[in-house]
Amino acid sequence: MDIAEVARRSGVPASALRYYEDKGLIASTGREGLRRTFADAVLDQLSLIALGQAAGFSLDEIKGMFGADGRARIDRAALAGKADEIDATILRLAALSKGLRHAAVCPAANHSECPTFKRLLRAAGAGKLLRVAPQRAAGARKTSGRASKA
C-alpha cells in the first residue's frame, strides 16, 4: 500500500506516518515513485500505536513494544503497571468528582466552612489529585498512595 492508502485506511495522517517511520515505530517497504509503500501489517502496528497512546504510553515506550521484525512484543508487566496507573487515576478523579458534586450542593453558608471542600482543597494543594505514579525499577508502573477522599 502506498502512504496515501495507509493514511486513508488507518485515519493516521501521512505526516504522522512519516514521523512514526523516522522514530522507528513503523517501516516502509520501499517506494513507488516518490511515495513510501507499506506492508498490510502496518495497519496492525498503527492500531497498537493508537492503543498505546490512548493508554498513556509514550512513543518511546510503544517503540519497545515491537520486535526488530515489527511484530508486537509486549511486556505484560508494563501493561499491568499501566492498568494500575489508570486505576489510580480513576480513583483520584472519582474522589475529585465526588468532592466537587458535594461542594455544588453543600448546605454550608460558605465553601470555606465545608469540611469536605476543605479536604479537597488540602488534597489539591498537596498535589495529590493529579500526581503521576512513580516508575518501578523494572520499568512497569506502580500506584503511589490512595486517592484523596473528599
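General observations
- With respect to the conditions (1) under 21 Å from the mean Cα position of the chain (by Cα); (2) of a type in the set (Lys, Arg); (3) surrounded by 15 or more Cβ atoms within 10 Å (Cβ to Cβ), Lys23 lacks only one, and its number is (3).
- Some residue of the range 60-77 being at pLDDT 95 or above and aromatic (Phe, Trp, Tyr): no
- In the range 55-74, residue farthest from Leu43 (Cα to Cα) [restricted to those that are over 15 Å from the mean Cα position of the chain (by Cα) and among the basic types (Lys, Arg)]: Arg73
- Among the residues examined, Ala95 qualifies as surrounded by 14 or more Cβ atoms within 10 Å (Cβ to Cβ), among the small types (Gly, Ala, Ser) and assigned by TED's automatic domain parsing to the domain that holds Ala124.
- Filter pass, Lys149 being surrounded by fewer than 17 Cβ atoms within 10 Å (Cβ to Cβ), within 15 Å of the chain's Cα centre (by Cα), modelled with pLDDT under 85 and more than 30 Å from Asp40 (Cα to Cα): no
The values are calculated or read from the model by the stated rules, or taken from the named source; none is laboratory data. All figures in this text were calculated on a predicted structure; none of them were measured in a lab. Note that we place each Cβ from the backbone using ideal geometry, even for glycine, and neighbour counts take in every protein chain shown.
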